Amino acid sequence: MIPFNKPYMTGDELYYIKDAVARGKISGNGYYTEKCHSYFEEKMGFRNCLLTSSCTDALEMAAILIDIEPGDEVIMPSYTFVSTANAFVLRGAKIIFADSAAQNPNMDANGLEELITSKTKAIVVVHYAGIACDMDKIMRLADTHNLYVIEDAAQAIDSYYKDKPLGTIGHLAAFSFHETKNIISGEGGMLVINDERFDNRAEIIWEKGTNRSAFFRGEVDKYSWVDIGSSFLPSDVTAAFLYAQLENLEKIQARRKKLWNFYYKGLQNLKKEGFLELPDVPEYATVNGHLFYITCNSIQERTDLISFLKGYDIHSVFHYLSLHKSPFYVKENESLELVNCDTFSNTLLRLPLYYELDTESQNKIITLIDQFKKSR
Ligand SMILES: *Cc1c(COP(=O)(O)O)cnc(C)c1O
């Protein structure tokens, strides 16, 4: 059986967890949290990071930080995970869904300007499959209209836009370390603060609306309730797990990118024959091996391919259902026509991709897709 995903354990997780336990302080913002922050800041070039319990949490922090209020409009792609939208809906925002580009599921930067109104407060970009959105265009637009840009970089660790790491471009960015991502801690995430105006408040919101962090640094003589906030920080046990993964980041990434490229090359013939489309990687973007997808010619063909592969114990899965067609959105909003988003929703198929996937399995998958095509 070839599963769709298998979380990769580096083998060092228990060592660091044991050490975290031995240190005797396992709540948030401890020794390993600090080590992870330093890793991201020093080794990966992020300006200021805060680990969170999930990417969802990091997005919720972002919504609080930019002071989303009822009536504010937030533009984001419809082809994304629910958390991208929920984080802003929770603060009363009205979500304005943008269509995907024709060539890839990322939001089409060319269609954005017409969605901006006097109520627009932010644009949330999602770097689907870890492949960058057209950030120069989006940042310029945001600048012109005085909007915040939040990067939902859940899938985008170790990926770049013109040599800039994703997650360092918008005012704020959110990463995920959920077990389905490249670098994992079970559940986990991180807020990246690129605009220094948010530094102080981010720390307060992170620590339940208190200035506890400043207190522990000796900057204030008591800690108090100073703002809204929540318990967004993960335990140091989670951070210890994450640290083991971070130490292996290069190895994990090298492997995942190799697997991604193997599919990309191995499926070229089927693309040339017009049976499927392969991921579009714009010249400004890189591949981080987060997920590999193909797009089929129709939903029927995709459904048949999924069950064909299933017959050989290979688990392939489709991805997002257009959020603008979700029961929750439809209940309160007028219907929207987002053609490209619907096309990806209906035809995109993700193939197994995880650290321990071997060449033999990949060859088998590629051969079987070819066999399926010939049987049509
Ligand atoms: C995984 C993912 C999330 C949610 O991450 P959690 O850490 O599970 O909260 C949000 N947005 C996108 C695009 C994702 O892929």
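The values are calculated or read from the model by the stated rules, or taken from the named source; none is laboratory data. Everything quoted here is computed from the prediction, not taken from an experiment. Virtual Cβ from ideal backbone geometry, glycine too; neighbours counted across all protein chains shown. To get the accessible areas, we keep the full protein, side chains included, count just its heavy atoms, and leave off ligands, DNA and RNA. Shrake-Rupley method; radii C 1.70, N 1.55, O 1.52, S 1.80 Å.
For the stretch 130-145, how many residues are free of Cβ contacts under 8 Å to residues at least 24 places away in the same chain and either farther than 16 Å from N194 by Cα or of a type in the set (D, E, K, R) (or both)?
Matching residues across the stretch 130-145 total 3.
Where in the stretch 91-180 are there strands (runs of 3 or more DSSP E), lying fully within it, with 3 or more residues that are away from the ligand (no atom under 12 Å from the Cβ)? Quick ask: steps written out before the conclusion?
Working: elements: 94-98, 120-126, 148-152, 172-176.
Qualifying strands (runs of 3 or more DSSP E): 94-98, 120-126.
Scan the stretch 303-313 and give yes if some residue there is under 21 Å from K6 (Cβ atoms) and of a type in the set (D, E), otherwise no.
Within the stretch 303-313 (the criterion being under 21 Å from K6 (Cβ atoms) and of a type in the set (D, E)), the answer is yes, since at least one residue qualifies.
Is it true that D67 is in a loop (DSSP other than H, G, I, E, B) and among the acidic types (D, E)?
It is true that D67 is in a loop (DSSP other than H, G, I, E, B) and among the acidic types (D, E).
Whether any residue in the stretch 243-256 is modelled with pLDDT under 95, open to solvent by 10 Å² or more (accessible area, probe 1.4 Å) and assigned to a helix (DSSP H, G or I) is what I want to check.
no
So is L14 assigned to a strand (DSSP E or B) and either open to solvent by 60 Å² or more (accessible area, probe 1.4 Å) or under 22 Å from V237 (Cα atoms) (or both) or not?
no
Which pairs do you get when a residue that is without any contact (Cβ under 8 Å) to a residue 24 or more places away in the chain, found in the stretch 80-93, comes within reach of a residue that is away from the ligand (no atom under 12 Å from the Cβ), reach meaning Cβ atoms under 8 angstrom, with the pair 6+ apart or on two chains?
Final answer for the pair search is V89/I95.
Conditions: (1) part of a loop (DSSP other than H, G, I, E, B); (2) among the aliphatic types (A, V, I, L, M); (3) open to solvent by less than 20 Å² (accessible area, probe 1.4 Å); (4) under 30 Å from K137 (Cβ atoms). V192 meets all but one. Number of the miss?
Unmet for V192, out of (1) part of a loop (DSSP other than H, G, I, E, B); (2) among the aliphatic types (A, V, I, L, M); (3) open to solvent by less than 20 Å² (accessible area, probe 1.4 Å); (4) under 30 Å from K137 (Cβ atoms): (1).
Anything in the stretch 181-195 that is more than 7 Å from the ligand (Cβ to nearest atom) and of a type outside the set (D, E, K, R)? List them, or say none.
Within the stretch 181-195, N182, I183, I184, S185, G186, M190, L191, V192, I193, N194 meet the criteria.
Considering the stretch 322-342 alone, what residues qualify as being in contact with a strand residue (DSSP E or B) (Cβ under 8 Å, 6 or more places away or on another chain) and either among the charged types (D, E, K, R) or in a helix (DSSP H, G or I) (or both)?
Within the stretch 322-342, L323, H324, Y329, N340, C341 qualify.
Return the total of residues in the stretch 14-57 being within 16 Å of the ligand (Cβ to nearest atom) and touching a Phe, Trp or Tyr at 6+ places or on another chain (Cβ under 7 Å).
8
Considering only the stretch 226-284, how many residues are free of Cβ contacts under 8 Å to residues at least 24 places away in the same chain, within 23 Å of F4 (Cα to Cα) and not basic (K, R)?
So the answer is 5.
Out of everything in the stretch 351-368 that is in contact with a strand residue (DSSP E or B) (Cβ under 8 Å, 6 or more places away or on another chain) and surrounded by 18 or more Cβ atoms within 10 Å (Cβ to Cβ), what residue ends up being nearest to Y79 (Cα to Cα)?
Within the stretch 351-368, the match that is nearest to Y79 (Cα to Cα) is L351.
Does the stretch 120-169 hold any residues that are more than 21 Å from S100 (Cβ to Cβ) and either polar (S, T, N, Q) or at pLDDT below 95 (or both), and which are they?
T144, N146, D163, T168
Inspect the stretch 37-52 for any residue being under 29 Å from P327 (Cβ atoms) and open to solvent by 20 Å² or more (accessible area, probe 1.4 Å) and give the result as yes or no.
no
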